[in-house]
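Engineer: Structure provided below as structure tokens; questions to follow.
Taken together, the values in this text are just the output of simple stated rules run on the coordinates, not laboratory data. In this text the structure is predicted, and so the values were computed from the model without any measurement. Heads up, the Cβs are rebuilt from the backbone with ideal geometry, glycines too, and the neighbour counts pull from every protein chain shown.
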Amino acid sequence: LLVVFVFVVVMYLTGTNISDWDSEQPSVAAMAMYGWIILAGFAVLVPVSMMMWFATVLTVLDDVAPWQAMKMSFQGCVRNILPFIVYGLVWLGLSLVVMSALMILVVTPWTMLTVYTSYRAVWTEPKL
């Protein structure tokens, strides 16, 4: 959401319209600027996602305070960074392949299931 917001603000400030991209090519500088904005958005999105990944489950199931749960979630994701990256790439691939309407029916339930199973794998004593 942050990436979309920043993208829209920059497009407004630069006077760029996406519909103009069909008729004329945007300049290389404008495309580079949008690329940097998207990278900056991901630089914010990834740590926030890591903080939120286990936070809800830790708060509900283990009675951990919310801020402490976010810290623990970030630490758990850092300790398991390779599975986190692979999961993110698979999720991105599924999101690109599955159409928007089907995403609600396929990717969202899959995400909810994997949040719980990853919680069990990282935070409970008997490993799955």
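Engineer: How large is ³J(HN,Hα) for each residue in segment 106-113, as worked out from phi by the Karplus curve 6.51 cos²θ - 1.76 cosθ + 1.60 (θ = phi - 60°), to whole Hz, x for Gly and Pro?
Structural biologist: 10, 6, 5, x, 4, 5, 4, 5
Engineer: Considering only C-alpha atoms, what is the centroid distance from segment 59-76 to segment 80-128, in Å?
Structural biologist: With segment 59-76 and segment 80-128 each reduced to a Cα centre, they are spaced 19 Å.
Engineer: Got a sec? Which residues in segment 64-90 would a label at Val115 touch, if it sits 7 Å along Cα→Cβ and we count backbone N under 16 Å?
Structural biologist: What the label zone holds, given the 16 Å backbone N cut-off, is 64, 66-67, 69-74, 77, 88.
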